[in-house]
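Bear in mind these aren't lab numbers, they're just calculated from the coordinates by the rules spelled out. Remember, it's a predicted structure, so these values are computed and weren't measured experimentally. Don't worry about glycine lacking a Cβ; one is built from the backbone with ideal geometry, like all the others, and counts go over all protein chains shown.
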There are 2 protein chains.
Amino acid sequence: MVEYPFPRPAVTVDTIVFRVTDAVLEVLLIRRDASPFAGSWALPGGFVHEDEPLEATAARVLGEKAGVTTYHLEQLGTFGAPDRDPRDRVISVAYFAIINGDPAVDKNAEWFSVDDVPPTAFDHDHIIATAIQRLRSKLTYTRIGFAFVPDVFTLPQLQRTWEAVLKAPLDKRNFRKMVMADGQVIATGEKTRGGAHPPAMLYRTIQPIRETQ
Amino acid sequence: MVEYPFPRPAVTVDTIVFRVTDAVLEVLLIRRDASPFAGSWALPGGFVHEDEPLEATAARVLGEKAGVTTYHLEQLGTFGAPDRDPRDRVISVAYFAIINGDPAVDKNAEWFSVDDVPPTAFDHDHIIATAIQRLRSKLTYTRIGFAFVPDVFTLPQLQRTWEAVLKAPLDKRNFRKMVMADGQVIATGEKTRGGAHPPAMLYRTIQPIRETQ
DNA sequence: GCTAGTGGTGTATAATTTACACTACTAAAA
DNA sequence: TTTTAGTAGTGTAAATTATACACCACTAGC
């Protein structure tokens, strides 16, 4: 045991999961069944286990509490205001995740538009706001945006996703030039089928999307 | 006491303090006198006290362990690998600080060029590398660089500082245009005296530099 | 008064970003 | 079978932003 003359804080990981569905950026919340804030919405979170890396806690919590397997996962920041948990000193390391598709989530979990987040427990409003800001900012200078779409995707699909995140329309031709500019995205040769419109070319990134930091 | 069936980790704050002196970007390390890593260089750090906000821990640690009062202070990230401290599970929230001038530091503290950092305790090499990367990146898109110079400064002085951080020469005329472009920097009307060269105009920012995130 | 050292200034070119409109393909309805 | 709705795909010109570049002038010290 280390020399440590102070009561130790509890350490949790809270996770912000983003997805885009029907042109809406959404965040996943779970309904708390335990005190404090029982019945409130909250970010999926949990205590850090002994010998568990923080990122592993994030991944575990997402699986256990939300039924979600993540694609992109990165640390957002650590929130440690002394009064953020009414019970005790709890320091929370926040991670944010991006997923694509519509996985079956836990029955206590629900997606909310980021424009319509209900009141949340603890300081989770603040954490969510910070995450949205970070997400929007990183969309433009990292490859993070590809985590919202499957491995194989069309450019209109990707554009609609980005527009949902940024909440702003993007020019189609300029968007395509921008995406293709650095050679990270290449055509598969396949095209979509179906829909009352021409088939769209399917693309993929030459490297899987990893945490870009 | 909160329901928490796991041994609690200890939580520390480690701080990376940057300054620029003689066109060199430097970081402050202290020599450890306690085990583990006694005698090694390490980042100034300390345990988070009960009811102490994380940022307050950072400021306190800098004062107590390094004798430094900071100007700019922001959270870098949290490092929690289970084996990063050989004694026990210790999760460290890292902050980075920027100061200007040459304050009297603690006798155990010493400045090192970022190009010549000695081996350090724990995972502090990794934390320092992360901080340098973040600093360089944020220099260009935030006002963070002004924290390296006093409230009143000359443009050549500011340019030399930025060149030290980026380790690259900058064009004088373009640098001045860039700095003045957004109207955040204004001339005081005063000029420097002394030096075998023309007096330089003194400038200041219209807003004090705060944490820009 | 001469010299070393450096503060201060503008313009032309290149690179990047932005604005913008039509054709053609598919599915579904008439 | 024809028509219609919906949307994929494509290029260029203009504006903005970033880059490259050289000389004069002021001060201190010799």
Counting only DSSP beta bridges with both partners in the protein assembly as shown, the antiparallel fraction in percent, to the nearest 5, comes to 75
Taking a crude spin-label model, label points 7 Å out from Cα along the C-beta direction, the residue A:35 to residue A:87 distance in nm is 1.0
Here the tail fraction of P(r) beyond 13 Å, over all Cα-Cα pairs of region A:85-147, rounds in percent to 74
Taking Cα pairs closer than 8 Å and at least 6 residues apart, the relative contact order of chain A in percent is 21
Per the charge dipole of the protein assembly as shown (beta-carbon charges, Lys/Arg positive, Asp/Glu negative, Cα centre), the residue among B:46, A:100, A:188 reaching farthest to the positive end is A:188
With residue B:99 itself left out, Lys, Arg at +1 and Asp, Glu at -1 over residues whose Cβ is under 12 Å from its Cβ give -1
Rounded to the nearest Å, the spacing of the alpha-carbon centers of region B:95-169 and region A:164-178 is 37
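What is the dipole size for chain B, taken about its Cα centre, with +1 at each Lys and Arg Cβ and -1 at each Asp and Glu Cβ, in debye to the nearest 20? Before the final figure, lay out the partial values.
On the way: 24 positive and 27 negative charges, 202 e Å.
The dipole of chain B has a size of about 980 debye.
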Classified through the alpha carbon gyration tensor (a ≥ b ≥ c as square roots of its eigenvalues; rounded if a/c is under 1.5, else prolate when a/b is larger than b/c, else oblate), region B:31-106 comes out oblate
Among GluC sites (Glu not before Pro) in region B:9-87, those in a DSSP loop whose Cβ has at most 12 other Cβ atoms within 10 Å are B:50
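For chain B, just say rounded, prolate or oblate: build the C-alpha gyration tensor, square-root its eigenvalues into a ≥ b ≥ c, call rounded for a/c under 1.5, and beyond that prolate if a/b exceeds b/c, oblate if not. Mind dumping the intermediate values first?
Details: a/c = 2.38, a/b = 1.99, b/c = 1.19.
Verdict is prolate for chain B.
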The size of the Cβ-based charge dipole (Lys, Arg +1; Asp, Glu -1) of the protein assembly as shown about the Cα centre, to the nearest 20 debye, is 1880
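With a ≥ b ≥ c the root eigenvalues of the C-alpha gyration tensor of the protein assembly as shown, is it rounded (a/c under 1.5), prolate (a/b larger than b/c) or oblate? Working shown, then result.
On the way: a/c = 2.07, a/b = 1.21, b/c = 1.72.
Oblate, because a/c is 1.5 or more while a/b does not exceed b/c.
Please tell me which of these pairs span more than 29 angstrom C-alpha to C-alpha: A:138/B:65; B:138/B:172; A:177/B:172; A:107/A:191; B:107/B:138; A:138/A:177?
A:138/B:65; A:177/B:172; A:107/A:191; B:107/B:138
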Residue-ordered couplings for region B:64-79, obtained by feeding phi - 60° into the Karplus form 6.51 cos²θ - 1.76 cosθ + 1.60 and rounding to whole Hz (Gly and Pro as x), are 6, 8, 10, x, 10, 9, 9, 10, 10, 9, 9, 6, 9, x, 10, 10
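Considering only DSSP states other than H, G, I, E and B, which trypsin sites (Lys or Arg not before Pro) in region B:136-209 qualify as loop sites with at most 16 other Cβ atoms within 10 Å?
On the way: sites: B:136, B:138, B:143, B:160, B:167, B:172, B:173, B:176, B:177, B:191, B:193, B:204; in loops: B:143, B:167, B:193.
Taking region B:136-209 and a limit of 16 other Cβ atoms within 10 Å, the loop trypsin sites (Lys or Arg not before Pro) found are B:167, B:193.
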Per the charge dipole of region A:70-130 (beta-carbon charges, Lys/Arg positive, Asp/Glu negative, Cα centre), the residue among A:129, A:111, A:76 reaching farthest to the positive end is A:76
The size of the Cβ-based charge dipole (Lys, Arg +1; Asp, Glu -1) of region B:1-89 about the Cα centre, to the nearest 20 debye, is 280
